[in-house]
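Everything below concerns the one structure shown next.
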Amino acid sequence: MHKERIGRWQTAKPGKPKKRESSWDYFLRVYGSITWIVGSGADDDLPMFLCGNVTGGGWSCLEVSNDLYEMDDLVEATGNTDLEELLVFHGGWHTRKSFAFDCRVASPSGELAIIPFDESIEKLPRPMKPERVQPFGTWLHKRVSELIRTAEANLHEAQ
C-alpha cells in the first residue's frame, strides 16, 4: 500500500532549503512523506491510528504527507466551505489525532499555521498571529522527539 513511500529517506539528499522555500515545501521535495508503523508493545500511550485511514494500512502514530485527505469531499458532505482553508498533512483525521495547515495564516517566511484536525470540525479556530507561526520542521522535530521518548520507554519496559 505504501510501497512508493517506504525507504525514500535512504536516497534523500538533504541540503539547504531553496530561497523562500518553507520547511514544509523542503520536506516534500527532499523526503516526500513519513509513515511510522508501530507494533504492539511499543504503542502504549502513543496517539495511534490506522494509517491511510483504512484497515490494512498499518497501525501508526505518525503519518505525514501531502496527499492524505480529499478536503473537497468533506466540504461537499458538510457544506462547510471554511474547511477549504485547511490542508491536512497528518493522518488519523477521524480519531482526533490529526493536524492540518491553516492556509489563512502564513508567517513572513511562508510557513503556515498548524492546527489540530478531525472530520467533525465545524468551526475553524481564530486565526493565529503570523509572527507566532512556527515552521513545520520545528513542529515535526518536537512531535517526533515526543513520540520517540514514549516508544523508547515502552520498549525498555517490555525487556
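The values are calculated or read from the model by the stated rules, or taken from the named source; none is laboratory data. Predicted model only: the values in this text are computed from it and were never measured. All Cβ positions, even for glycine, are placed from backbone atoms using ideal geometry, and neighbour counts span all protein chains on display. Surface accessibility is based on the protein's heavy atoms, side chains included, excluding ligands, DNA and RNA. Shrake-Rupley method; radii C 1.70, N 1.55, O 1.52, S 1.80 Å.
Observations
- Within the stretch 62-118, the set of residues being closer than 30 Å to Lys19 by Cβ, in contact (Cβ under 8 Å) with a residue 40 or more places away in the chain and out of contact with any His (no Cβ under 9 Å at 6 or more places or on another chain) comprises Phe89, Phe101, Ser109, Gly110, Glu111, Leu112.
- The single condition among (1) modelled with pLDDT of 90 or more; (2) of a type in the set (Val, Ile, Thr); (3) touching a strand residue (DSSP E or B) at 6+ places or on another chain (Cβ under 8 Å) that Val30 does not satisfy is (3).
- Test: residue in the stretch 135-145 that is assigned to a helix (DSSP H, G or I), closer than 26 Å to Arg8 by Cα, out of contact with any Gly (no Cβ under 7 Å at 6 or more places or on another chain) and open to solvent by 80 Å² or more (accessible area, probe 1.4 Å): yes
- Test: residue in the stretch 99-113 that is on the phi > 0 side of the Ramachandran plot and over 13 Å from the mean Cα position of the chain (by Cα): yes
- Every residue from the stretch 98-110 that is assigned to a loop (DSSP other than H, G, I, E, B), open to solvent by 60 Å² or more (accessible area, probe 1.4 Å) and either in contact with a helix residue (DSSP H, G or I) (Cβ under 8 Å, 6 or more places away or on another chain) or closer than 27 Å to Gly52 by Cβ (or both): Pro108
- Filtering the stretch 116-134 to residues that are open to solvent by 30 Å² or more (accessible area, probe 1.4 Å) and outside any loop (DSSP other than H, G, I, E, B) leaves Pro116, Pro130, Glu131, Arg132.
- The listed residue being modelled with pLDDT of 95 or more, farther than 18 Å from Thr35 by Cα and not in a loop (DSSP other than H, G, I, E, B), out of Ala153, Ala113, Ala77: Ala113
- If you go through the stretch 85-97 and keep only what is modelled with pLDDT of 95 or more and open to solvent by 70 Å² or more (accessible area, probe 1.4 Å), you end up with just Glu85.
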